[in-house]
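What follows is calculated from the coordinates using simple rules that are stated; it is not laboratory data. Nothing here was measured: the structure is a model prediction, and the numbers come from that model. Using ideal geometry, Cβ is built from the backbone for each residue, glycine included, and neighbour counts are taken over all protein chains shown.
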Amino acid sequence: MKLRLETVRTPGLGDTTYVLINDGLAIVVDPQRDIDRFERILDESRAELRYVLETHVHNDYVSGGTILAKATGAELVMPAGAAPVFRHRPAFHMEDLHVGEVVIRPLHTPGHTPEHTSYLIVAEGEEKAVFSGGSLLVGSAGRTDLLGDDRAEGLARLQYGSVRRLAGLPGSVDLLPTHGAGSFCTTTRAGSATSTIGDEVRTNPTLGYPDEEAFVAGQLSGLVPYPSYYRFMGPANLRGLPPPRLEVPILDGVPDDVVIIDGRPMAQFAEGHHAGSLGVELRDSFGTWVGWVTEHNSPIVLILNRDQDLDDALRQLARIGYDDVRGVVHELRGQLESFPIVGASAFADAASDGAQIVDTRAPDEWEDGIIEGSTLSYAPDLATDTPIGLDKASLVWVACESGYRATIAASLLEARGYEPVVLAHAGVTDVLRKRSKGT
């Protein structure tokens, strides 16, 4: 028997979907909504999909489980405690499923969510791999506060038992988590996508706590903010959403009743953009940031250059349930707004002169040093709140660590009547180094 594993990364979400194939039969674990990526692997492998396995009710994306199962005739398997409204096969702890000669053994591993279930793969009597979803991760564990602070401690206590249950598997077992580097579903910065149980027992800090109390305290400390759209994902995944629409018309102009998302490069946005538009450059994290700074599933018009990947933009938005994309504009018309962008040296000079500075990095990044006198406001917080004391009569110098989040923040502030100046292609730490050298 020769098992073949295909991994499909979704970098903007920090997640991995798995396709496991053996002797012409396949399973898919935790697919996103754009299922053509997985269908392509199945077609190329000439494999019949038997099961679509969901490890939990996802909080960070809209699942494609129901869509993929319907499209292929496979059976959708979900944790027994999930209780969605659509037809599925409930996975009960230790009640084996079979795909040919391969055994799929559900392991109830609550913590990240109450119903969370991992899937142990047994082949030829040997435990080979475990799909751990949001339980035990590479160098981390799934966070337990996504369902609300009031449930976080109780779920953390469940997580303590779950990660140790997985750590008790043979050291040779491959650890295949869904969440990884770049995911907001991890308690700490997760490592690479996959590992082994043995390596995690030796190196994973979440397995190094002396007791449950220490684990819970560590699990709930230092958590970074997570995107505001997360609260919409669980309900969407319990009711199921139809396949996304990945084609939109080209528009001649921008309607007045929509949110304008300008996905062009930062410098182009700064040079000229429609008043009130949000500058979110099209990168791997585009969808996450759009979902974090707009009302969920707001009607959207995209502004992109002709050579930018519209399909990628639509996929990223669809993965988080944004289906009301009215169209795309390639040419800007009429009166445009603009703001200057500067490098680290000019920003350092302005800081020395007492400029009004807004630091839009995440709270954990502020520990790396801050510019004295700056206002600390994480970029997505500016979508709903303006820092107290910010003066519209003075320029607002906006920084992060690259200019990406600072550009988003600047567009939010500009829409409220502030005049931003953005630190681009550099960050606060670069400014601090410039100032320490006196340049």
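The figures follow:
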{"item": "Cβ crowding within 10 Å averaged over residues, with 133-142, 397-406, 158-167 ranked highest first", "result": "133-142, 397-406, 158-167"}
{"item": "Neighbourhood charge, 10 Å Cβ-Cβ cut-off, centred on V216 and excluding it, Lys, Arg +1 and Asp, Glu -1", "result": "-3"}
{"item": "Whether region 89-156 is rounded, prolate or oblate, judged on the alpha carbon gyration tensor where a/c under 1.5 counts as rounded", "result": "prolate"}
{"item": "Inter-centroid distance (Cα atoms) of region 199-262 relative to region 10-71, Å", "result": "18"}
{"item": "For R143, R231, R239, order by how many other beta-carbon atoms lie within 10 Å, fewest first", "result": "R239, R231, R143"}
{"item": "FRET efficiency for E44 and R416, using Cβ-Cβ distance with R0 set to 35 Å, rounded to 0.05", "result": "0.10"}
{"item": "Kirkwood hydrodynamic radius (C-alpha pairs) into Stokes-Einstein, region 1-105, 10 °C and 1.306 mPa s, D in µm²/s", "result": "114"}
{"item": "Cβ-based exposure ranking for V254, V8, in which fewest neighbours within 10 Å come first", "result": "V8, V254"}
{"item": "D_trans [Stokes-Einstein, Kirkwood Rh over alpha-carbon pairs] for region 244-329, 20 °C, 1.002 mPa s, µm² s⁻¹", "result": "169"}
{"item": "Two-site label geometry, R283 and E295: point separation in nm, points 7 Å out along Cα→Cβ", "result": "2.9"}
{"item": "Sites R202 and F92, calculated FRET efficiency, Cβ-Cβ separation with R0 41 Å, nearest 0.05", "result": "0.80"}
{"item": "Computed over region 341-437: relative contact order in percent, which uses C-alpha pairs under 8 Å that are six or more apart", "result": "37"}
{"item": "Region 4-235, Rg to Rh (Cα coordinates; Rh as Kirkwood inverse mean 1/r)", "result": "0.94"}
{"item": "Added length on full extension, which subtracts the Cα-Cα distance from 0.36 nm per residue, E212 to A83", "result": "43.5 nm"}
{"item": "Residues with amide H under 5 Å from that of G111, placed H, sequence gap 5 or more", "result": "H116"}
{"item": "Peptides ranked, highest mean first, by Cβ atoms within 10 Å: ranges 427-433, 408-414, 312-318", "result": "408-414, 312-318, 427-433"}
{"item": "Percent RCO, i.e. relative contact order, over region 1-120, from Cα pairs under 8 Å lying at least 6 residues apart", "result": "18"}
{"item": "Whole-angstrom gap from region 412-439 to region 305-349, using each part's C-alpha centre", "result": "20"}
{"item": "Cα principal axis extents for region 1-53, largest first, Å", "result": "34, 19, 18"}
{"item": "Within the chain, helix-based [θ] at 222 nm, where runs of 4 or more DSSP H residues each add -39,500 (n - 2.57), nearest 500", "result": "-7500 deg cm²/dmol"}
{"item": "Cut-off 19 Å, label 7 Å out along Cα→Cβ of S436, residues of region 320-353 by amide N", "result": "344-352"}
{"item": "Helix 36-45 vs. the chain, principal-axis angle (Cα, 0 to 90°, nearest 10)", "result": "40"}
{"item": "Mean separation of Cα contacts under 8 Å (6+ apart) over length of region 238-347, as relative contact order %", "result": "36"}
{"item": "Where only alpha carbons of region 144-288 are counted, the Rg and the Dmax (Å)", "result": "20.9, 63"}
